[in-house]
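Q: Please find one structure pasted underneath; my questions will follow.
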Amino acid sequence: MAVNADTVPAVGTQSHPYDVLIIGAGVVGAMVARFLARYALDILWIEKEADICTGASSANSALIHGGYAAQPGTLKAEMNVKGNPMWDHLAAELDFSFERCGTYVVAVGEDERAELAVLAARGKANGVPVTLITGEEMRRREPQVNAATSGALYCPVGGICDPWGATLAAAENAVQNGVALKRRTRFEDFLWERPPTALPRIVGVGANAGDVYTRWVVNAAGLYADTVMHKAGVRPSFTVTPRRGEYYVLDRNQFALDKVIFPVPGKISKGILVTTTVHGNTIIGPNAEEIDDRTDTAVTKAGMHEVWDGALKLVPGLTQRAIIALFAGLRPGGNAPTLNPSVDYQKDFVIEIPTTVQGLVNLGGIESPGLTAAPAIALRVIELLREAGEGLRERPGWSPRRSGRPVFRHLSRKQQARLVAEDARYGRIICRCEFVTEGEIVAEIHAPIPADTYDAIKRRTWLGTGRCQGAFDMPRVVDILARELGQAPEEISKKGGSSTMLTRRTKDL
Ligand SMILES: Cc1cc2nc3c(=O)[nH]c(=O)nc-3n(C[C@H](O)[C@H](O)[C@H](O)COP(=O)(O)OP(=O)(O)OC[C@H]3O[C@@H](n4cnc5c(N)ncnc54)[C@H](O)[C@@H]3O)c2cc1C
């Protein structure tokens, strides 16, 4: 029979289901989508928010951890140690910023020094290269550390990345290889088939946009991973408890520290660190506070005091004059048991195909080092699917590469002049602090994953992140978005939904 568009059912219907549906577009969902896109599968990827990377993946310390901190024998340790070396290759293939700059854990005063040996032993057990250095050597390498530094643990394989850039790059590569990404699409429940003699089988999901049929669902819902697995009746006692971490961002023109400096870890986190970002700012934080509200990313007065005091202990010369922004992120911490349950913050990742239902790859509790581990988690998901009998043939024409768009401030004078000659919009500076041009903004609005809100442009171009925090660029970006999207300026939103940036025209008053 001749095949035409009318005889082939649309993908996602009962007779032609997707092969895989991924819930959640943080770094974990993005890496799963990117690595699965290599195979000849129909993949739908849904995200409830207006853009990708707005959850834990958007507000963290941006560290690619060495792997000495995780308890040996846990999935956290295994995924951290497997994920860490993948970042050089990933950054090269996907064109995002990553620096393997090394990290230090600094002991202040004699009492803390013993803890360094514990971490060194854990690093050895996990197969991570670490070296103990003296306080004197640490002060020589970073003169700004506390004069009472008694020693440090150096991990040369630790690094820093741009978590937004990495998530976007992986997501774009997935989309360019055929993954269908639907933002503003919320998972609500599963659709089931209940054979009398076999396990119940997930056959699709109900979403706000309607029902979609699929053979597999990957739960990468971060803070809401427990809600998703409970809808499948899986791990009813597993809960996610958001653990808030607050930060300061310092202006790179006012203060510069080009090292990553951790304190000796506390009981529920790796402690308040002072670190540089790939953009050259110093960031300070995070503290760790368990809270009930999964949406509460407001900073608190008490938290900010705690973070500042913690940072001063490591780097006493920090000055509040350099602060340009504050933010908080929520760690999606779960309660899966580990080999060492007495250490609270080591509660383990969940990465499994549950034995009680068919059709679910279940991820949960992906808190730190989840960013580092994300590519290794993606490979583990593929392994699990193979073990479950999926053939996974390579997709013809699959490409592992994705190229970013020109970043004006990173170009030489000559390259800048050439770009402006080709397109005059690259000659118009919209963000003066971060030197972002109209050409870059327009390119993002029409990119494979279009940026259609102010925050989406900010995440992709870094505009609005400097000393004026968007005061100069904001009205101009609203105008550009309105023009390019063919919308009224009053329709342009900060982050989707009702977050419109203008309420009415002044002359309408
Ligand atoms: C303060 C802090 C510091 C950290 N520092 C580091 C670090 O330095 N290094 C490191 O390796 N890790 C770090 N982490 C951990 C790391 O950020 C997380 O492990 C990682 O980002 C988790 O990614 P994710 O994709 O699982 O979750 P998320 O990024 O939260 O993504 C989950 C997505 O699922 C979507 N979603 C949820 N429910 C639904 C639904 N019903 N329908 C559709 N979509 C849905 C959400 O909107 C969200 O976009 C830190 C975390 C925090 C908060």
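Q: Quick one: in segment 237-252, of everything that is of a type in the set (Val, Ile, Thr) and assigned to a loop (DSSP other than H, G, I, E, B), which residue is farthest from Gly303 (Cα to Cα)? Give the steps one after another, and end with the answer.
A: Going residue by residue through segment 237-252, those that are of a type in the set (Val, Ile, Thr) are 239-241, 249.
Within this subset, residues satisfying the condition of being assigned to a loop (DSSP other than H, G, I, E, B) are 239-240.
Details: Thr239: 24, Val240: 21 Å.
Only one residue tops the list, namely Thr239.
Q: Is one or more of the residues making up segment 438-449 touching a Lys or Arg at 6+ places or on another chain (Cβ under 7 Å) and under 20 Å from Ile324 (Cβ atoms)?
A: no
Q: I need a count of the residues in segment 287-326 that are closer than 19 Å to Phe262 by Cβ and not in a helix (DSSP H, G or I).
A: 7
Q: Identify the single condition in (1) more than 15 Å from the ligand (Cβ to nearest atom); (2) among the aromatic types (Phe, Trp, Tyr); (3) touching a helix residue (DSSP H, G or I) at 6+ places or on another chain (Cβ under 6 Å); (4) part of a strand (DSSP E or B) that Trp216 does not satisfy, given that it satisfies every other one.
A: (3)
Q: In segment 361-402, which residue that is aliphatic (A, V, I, L, M) and assigned to a strand (DSSP E or B) is farthest from the ligand (Cβ to nearest atom)?
A: Per the stated criteria, the residue is Val361.
The rows are residues; the columns are (1) within 16 Å of the ligand (Cβ to nearest atom); (2) of a type in the set (Val, Ile, Thr).
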residue	(1), (2)
Val118	no, yes
Pro129	no, no
Glu142	no, no
Ile160	yes, yes
Gly165	yes, no
Asn177	no, no
Lys182	yes, no
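Results for (1) at pLDDT 95 or above; (2) assigned to a strand (DSSP E or B); (3) hydrophobic (A, V, I, L, M, F, W, C), shown as yes or no for each residue.
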{"residue": "Gly123", "(1), (2), (3)": "yes, no, no"}
{"residue": "Arg140", "(1), (2), (3)": "yes, no, no"}
{"residue": "Ala147", "(1), (2), (3)": "yes, no, yes"}
{"residue": "Ile160", "(1), (2), (3)": "yes, yes, yes"}
{"residue": "Trp164", "(1), (2), (3)": "yes, no, yes"}
{"residue": "Ala170", "(1), (2), (3)": "yes, no, yes"}
{"residue": "Gly178", "(1), (2), (3)": "yes, no, no"}
{"residue": "Phe190", "(1), (2), (3)": "yes, yes, yes"}
{"residue": "Leu199", "(1), (2), (3)": "yes, no, yes"}
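Q: Is one or more of the residues making up segment 426-440 closer than 30 Å to Val20 by Cα, away from the ligand (no atom under 16 Å from the Cβ) and of a type in the set (A, V, I, L, M)?
A: The answer is no; no qualifying residue exists.
Q: Could you please tell me which pairs satisfy a Cβ distance under 9 Å, a separation of 6+ or placement on different chains, a first residue in segment 448-470 that is among the acidic types (Asp, Glu), and a second residue that is assigned to a helix (DSSP H, G or I) and buried (at least 22 other Cβ atoms within 10 Å of the Cβ)?
A: Cβ pairs passing all conditions: Asp452/Leu481.
Q: Which ones in segment 39-78 are more than 24 Å from Leu181 (Cβ to Cβ) and either modelled with pLDDT of 95 or more or not in a loop (DSSP other than H, G, I, E, B) (or both)?
A: Step one: of segment 39-78, the residues more than 24 Å from Leu181 (Cβ to Cβ) are 61, 63-78.
The answer is Ser61, Leu63, Ile64, His65, Gly66, Gly67, Tyr68, Leu75, Lys76, Ala77, Glu78.
Q: Within segment 43-80, which residues are over 30 Å from Pro17 (Cβ atoms) and either within 11 Å of the chain's Cα centre (by Cα) or surrounded by fewer than 24 Cβ atoms within 10 Å (Cβ to Cβ) (or both)?
A: The answer is Ser58, Ala59, Asn60, Ser61, Ala62, Leu63, Gln71, Pro72, Gly73, Thr74, Glu78.
Q: Then there is this: Report whether or not Ile64 is in contact (Cβ under 8 Å) with a residue 60 or more places away in the chain, farther than 28 Å from Val217 by Cβ and near the ligand (Cβ under 10 Å from one of its atoms).
A: Details: in contact (Cβ under 8 Å) with a residue 60 or more places away in the chain: yes; farther than 28 Å from Val217 by Cβ: yes; near the ligand (Cβ under 10 Å from one of its atoms): yes.
Considered against the rule, which asks whether it is in contact (Cβ under 8 Å) with a residue 60 or more places away in the chain, farther than 28 Å from Val217 by Cβ and near the ligand (Cβ under 10 Å from one of its atoms), Ile64 comes out as yes.
Q: Pick out the one residue from Glu110, Glu93 that is surrounded by fewer than 24 Cβ atoms within 10 Å (Cβ to Cβ) and under 22 Å from His279 (Cα atoms).
A: Of the residues listed, the single one that is surrounded by fewer than 24 Cβ atoms within 10 Å (Cβ to Cβ) and under 22 Å from His279 (Cα atoms) is Glu93.
The values are calculated or read from the model by the stated rules, or taken from the named source; none is laboratory data. Predicted, not measured: the structure shown is a model, and the values here were computed from it. With ideal geometry, Cβ positions are generated from the backbone for all residues, glycine too; neighbour counts draw on all protein chains shown.
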